[in-house]
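What follows is calculated from the coordinates using simple rules that are stated; it is not laboratory data. Keep in mind it's a predicted model, so treat the numbers as computed, not measured. So basically every Cβ, Gly included, is an ideal-geometry build from the backbone, and we count neighbours across all protein chains shown.
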Amino acid sequence: MFVLPIIYEILKRAQDWRLLDDIARELGTPPESLMRYIEEGRARGVLYVDRRVVESFILTEEGQRRVAEGLPEYRLLKSAVCEGGRCVIDLSQPEVEIALANLAKIGIRPKGRVLEIDEETYKKALAIVEERQRFLTALDSAPREILQEFLRRKLVKRVEKTQIFIKAAVPIDAVRPAEVKTALTSEDITSGRWRDYILKPFDLSIEPPEYPAPVPHFFNEFLNYVREVMVGLGFEEVRGPILEVEFWNFDALFQAQDHPAREIHDTFYVEWDGPVEQPPAELMEAVKKVHEEKWQYKWDPKKALNLVLRTQTTATTIRALAERGDGEYKVFTIGRVFRPEKLDPKHSMEFHQLDGIVVGPGLTFKHLLGQLEQIAKALGMDRVKFRPAYFPFTSPSVEVYAEHPKLGWVEFGGAGIFRPEVTEPLGVRKSRVLAWGWGLDRIAMIILGIDDIRELFTKDLEKLQEYYSRWVKYRRNIGSRGIRYTI
Ligand SMILES: N[C@@H](Cc1ccccc1)C(=O)O
């Protein structure tokens with residue numbers, strides 16, 4: 001069995017019953033600091049613990065004073081002047097009454113104003129008194145009658161003390177000291193060495209240190225600004241779940257169930273056997289029909305109800321479209337999305353998107369580009385480029401790029417007009433739907449000149465300050481910039 005190294009040290013010394021205080025002294029630690037290990041050893045069944053209440057004596061304040069100054073009778077005897085076999089003590093001294101009362105008990109009494117005794121008697125008396133003085137500093141070894149006397153004189157008081165005795169419950173070769181770990185490496189796990197470690201449990205009751213946020217978080221400020229811009233342009237905000245059914249994340253967007261983006265490497269699938277929110281039955285039916293007709297495969301309603309971490313906030317705008325149907329309106333959503341990407345300066349498995357739709361009859365591709373231009377301008381992006389692209393749910397489709405001061409042209413989102421295969425099952429027939437999804441992390445990197453996506457989540461206070469001041473400067477300049485774009 002593996003035990004903490006300190007417990008091992010204790011067990012080694014406690015093969016027989018031992019007083020904890022003695023072991024603590026050997027280990028050079030105060031006994032109190034061993035208590036939690038004693039408890040742990042007991043809980044793990046490697047240690048017996050026996051508590052005994054014993055009486056013990058400690059000095060009173062008076063007792064402490066007498067240790068420092070000497071007992072009155074001791075001081076009196078020490079002031080003797082001995083000559084020619086006789087010892088004489090002057091009695092005009094402080095506390096002489098107490099001293100004499102105690103000397104009387106050992107048969108020494110004055111005659112008149114001086115105390116005069118033969119040297120032999122003096123030496124005997126001094127020996128008795130010296131011993132008493134010594135026992136005052138060694139109460140543990142003092143004989144009973146001396147303690148009684150100290151008690152009577154209120155030099156000591158009786159207290160009860162718990163003594164802890166311990167004894168190993170296992171032979172020492174049945175245990176081995178183990179390393180204590182607060183974190184495991186992948187090496188620890190693959191080699192199986194983790195079995196030999198003792199894992200320190202997290203104590204969730206401990207308050208974390210307070211985060212002295214010197215400035216608001218620039219990325220939060222940026223997200224709020226994007227929200228303001230969208231509302232300012234006449235869009236209404238909608239929200240949707242992060243834990244989404246495949247139906248809204250993929251099926252309603254005409255992404256075939258065998259589309260590569262739905263394979264495990266691109267999506268975090270969530271295991272869940274409980275109930276999920278059911279999309280309307282006639283909608284499921286309509287989506288099934290269009291998938292089977294156009295993509296030529298057997299659509300599986302069960303698969304559509306699997307849970308995923310949403311991979312795109314288009315899942316949320318398509319919900320809004322299904323709810324509101326035909327008409328004239330503009331909605332947007334801002335939220336987190338998740339994809340199993342390899343973390344690098346431009347990719348993270350968790351990022352933020354701004355998705356928007358503009359719904360209305362007679363909308364065209366030009367309207368879309370105009371709308372995107374307007375938003376890009378409001379966010380202060382100098383130049384954007386559009387490139388033809390493919391998304392299963394839009395046609396025509398574009399990718400949108402902007403120039404990063406260091407990384408060059410960076411793609412930050414997609415856009416297009418929803419295909420009839422997307423809109424018709426939702427009952428949207430008279431209107432066309434302009435749609436886009438932009439990566440907000442990338443946009444923040446572009447406008448603030450940050451060249452690694454991980455920096456958006458830095459904990460370095462100086463950097464947070466630096467990025468915040470860049471953001472403040474940037475915001476001040478937005479509006480005085482123009483936008484040029486090429487198609
Ligand atoms: N959802 C797409 C972006 C997009 C949204 C809407 C229309 C076209 C493209 C993505 O995440 O890549």
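Brief remarks follow.
- Residue satisfying all of: in region 411-432; crowded, with 17+ Cβ neighbours inside 10 Å and assigned to a strand (DSSP E or B); farthest from the ligand (Cβ to nearest atom) among these: Arg432
- For Gly360, the test of being more than 19 Å from Gly414 (Cβ to Cβ) and either in contact with a Ser or Thr (Cβ under 8 Å, 6 or more places away or on another chain) or crowded, with 20+ Cβ neighbours inside 10 Å (or both) is passed.
- Only residues that are among the small types (Gly, Ala, Ser), surrounded by fewer than 24 Cβ atoms within 10 Å (Cβ to Cβ) and within 16 Å of the ligand (Cβ to nearest atom) were counted in region 300-337, giving 3.
- Taking the criterion of being out of contact with any strand residue (DSSP E or B) (no Cβ under 8 Å at 6 or more places or on another chain) and part of a helix (DSSP H, G or I), the residues of region 40-65 that qualify are Glu40, Ala43, Glu61, Glu62, Gln64, Arg65.
- Single residue of Val308, Val215 found to be more than 25 Å from Arg324 (Cα to Cα), of a type in the set (Val, Ile, Thr) and within 31 Å of the chain's Cα centre (by Cα): Val215
- Any hit, region 260-279, residues being loosely packed, with under 14 Cβ neighbours inside 10 Å, of a type in the set (A, V, I, L, M, F, W, C) and assigned to a helix (DSSP H, G or I): yes
- Test set (1) without any contact (Cβ under 8 Å) to a residue 60 or more places away in the chain; (2) surrounded by 11 or more Cβ atoms within 10 Å (Cβ to Cβ); (3) not aromatic (Phe, Trp, Tyr); (4) not in a helix (DSSP H, G or I) - Ala183 fails condition number: (2)
- One residue from Val114, Val53 being surrounded by fewer than 13 Cβ atoms within 10 Å (Cβ to Cβ) and under 30 Å from Gln163 (Cα atoms): Val53
- The listed residue being within 11 Å of the ligand (Cβ to nearest atom) and in contact with a Phe, Trp or Tyr (Cβ under 9 Å, 6 or more places away or on another chain), out of Val384, Val400, Val359: Val400
- Single residue of region 433-443 satisfying the filter (within 12 Å of the ligand (Cβ to nearest atom) and within 43 Å of the chain's Cα centre (by Cα)) that is farthest from Pro361 (Cα to Cα): Arg442
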